[in-house]
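Reading through the structure tokens given below for one structure.
The values are calculated or read from the model by the stated rules, or taken from the named source; none is laboratory data. The structure presented is a predicted model; accordingly, all values stated were derived computationally and were not measured. Cβ: placed from backbone, ideal geometry, glycine included. Neighbour counts: every protein chain shown. These area figures cover heavy atoms from the full protein model, side chains too; ligands, DNA and RNA do not enter into them. Shrake-Rupley method; radii C 1.70, N 1.55, O 1.52, S 1.80 Å.
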Amino acid sequence: MKLESLCLHAGYSPENGQPRVLPIAQSTTFKYASTAEVAKLFDLAEAGFFYTRLGNPTVDAVEQKIAALEGGVGALCTSSGQAASMLAVLNLAQSGEHLVSASSIYGGTFNLFAVTLKKLGIEVTFVDQTASDEELEKAFRPNTRAVFGETLTNPSMDVLDIARFARLAHRHRLPLIVDNTFATPWLLRPLEHGADIVVHSATKFMGGHGAALGGVIVDGGRFDWAASGKFPQFSEPDPSYHGLSFTQAAGPAAFAARARAILLRDMGATLAPLHAFLFLQGLETLSLRVERHVRNALAVVDFLRGHPRVERVNHPCLPESPSHALYKKYFPHGGGSIFSFEVKGGAAEARSCIDRLRIFS
């Protein structure tokens, strides 16, 4: 079977409107006719598949679909959302360098940045994303290499002003990385508002079924790595590939190409082909599911807001939310199905409420 036949992407054939078949390429390696052919793949002289740790036809189909959904030039699937955040950062920063991150991010990512990256020699300054530009400017250093935030923070549901953070990052010739897990590209596409790199935990809404674990990095393809002057790893010759320059070899997709060729190769945080197939099934219903998630969540928010035993509901759709103006700016059609609420009383009352839930577990 020719490799091309394994690379069919999920969807519909424009020729006859019939569903295309996407096999699960459940193989670690692939067969080629000559050593010269394989050498071109190893040296990145040609595109193709030779070892599933770096690329696989089924995984490639997911990457292309998510890149299209986000409006990027390329994508890289990983074994989890945490792996996506880690590889995105390590593609930009090394020991002795620095990041600026919003403080109200997912706790696992906060720990990755505050503890694990620190042990690797990368420092992170956490900032209040509602602070003034003047205050945020104080966080930048000469060795800062990226800015990080979440479209909708986990779990406080604060809305990131993506355009403002992009302007701050670009003023320092730095890229903005945005975690878009909670919004999904169906509700918001950060690249359209100035972000340069988008990451997701595909485990959540993109899968939608809880049967597979995975993450993805999307390369916006607009950041000029060579002109920045701060990222020689993209523009200068790389010794791993006989002096290849990623900006010259991959053009706008240099970020995604290097993340795959260097970090996925060396760290092995690879998405399994079977899980890629499961994500493709989830992506087929993304628009319907997210619309229904949002509609149901807002109905529950409205119910809880008027409940006598509820102290407060946290969702940016509410006028009293500090993020309400940004919510209206970035989510004109509504968005975000995650919320939190505070039960009147104390910890005992909160635990009792959780223990008595019957529909949600």
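Here are some notes:
- For the stretch 92-144, applying the loop criterion from DSSP together with a ceiling of 16 other beta carbons within 10 Å to the trypsin sites (Lys or Arg not before Pro) yields Lys138.
- Percent of beta bridges antiparallel (DSSP, the chain, rounded to nearest 5): 55
- Accessible area of Cys353 in the full protein assembly, 1.4 Å probe (Å², nearest 10): 50
- Heavy-atom SASA rank of Asp161, Asp355, Asp219 (probe 1.4 Å, accessible area, largest first): Asp355, Asp161, Asp219
- Exposure of His293 as accessible area (Å², to 10), given a probe of 1.4 Å and all protein chains: 80
- Here the stretch 128-149 and the stretch 181-198 have alpha carbon centers that stand 20 Å from each other.
- Debye log10 I(q)/I(0) for the stretch 148-195, one point scatterer per Cα, at q = 0.15, 0.24, 0.25, 0.29 Å⁻¹: -0.34, -0.81, -0.87, -1.08
- The chain, accessible area per residue, ligands and nucleic acids excluded (1.4 Å, Å²): 48
- Relative contact order of the chain, pairs being alpha-carbon contacts under 8 Å that are 6 or more residues apart, as %: 18
- Scaled radius of gyration (Cα, divided by 2.2 N^0.38 Å) that the stretch 272-355 gives: 1.40
- Here the chain is treated as an ellipsoid with the same Cα gyration tensor; its semi-axes, largest first and in whole Å, are 36, 27, 17.
- One equal scatterer on each Cα of the stretch 160-289, no solvent, Debye formula: the resulting log10 I(q)/I(0) at q = 0.11, 0.18, 0.22 Å⁻¹ is -0.46, -1.06, -1.25.
- Think of the chain as having a plus end and a minus end, set by charges on the Cβ of Lys, Arg, Asp and Glu; of His315, Gly251, Ala131, His315 sits farthest toward the positive end of this dipole.
- For the stretch 265-299 and the stretch 51-73, distance of Cα centres in Å: 13
- When you work out D = kT/(6 pi eta Rh) for the stretch 180-255 at 37 °C and 0.692 mPa s, using the Kirkwood radius from C-alpha pairs as Rh and the Stokes-Einstein form, the result is 231 µm²/s.
- Ranked from largest, the principal axis spans of the Cα set of the stretch 107-175 equal 32, 30, 18 Å.
- Measuring nothing but protein heavy atoms, the accessible surface of the chain at 1.4 Å probe radius is 56 percent carbon and sulfur.
- For the stretch 217-285, the orientation-averaged shadow of the C-alpha convex hull comes to 5.8 nm² (one quarter of the hull surface).
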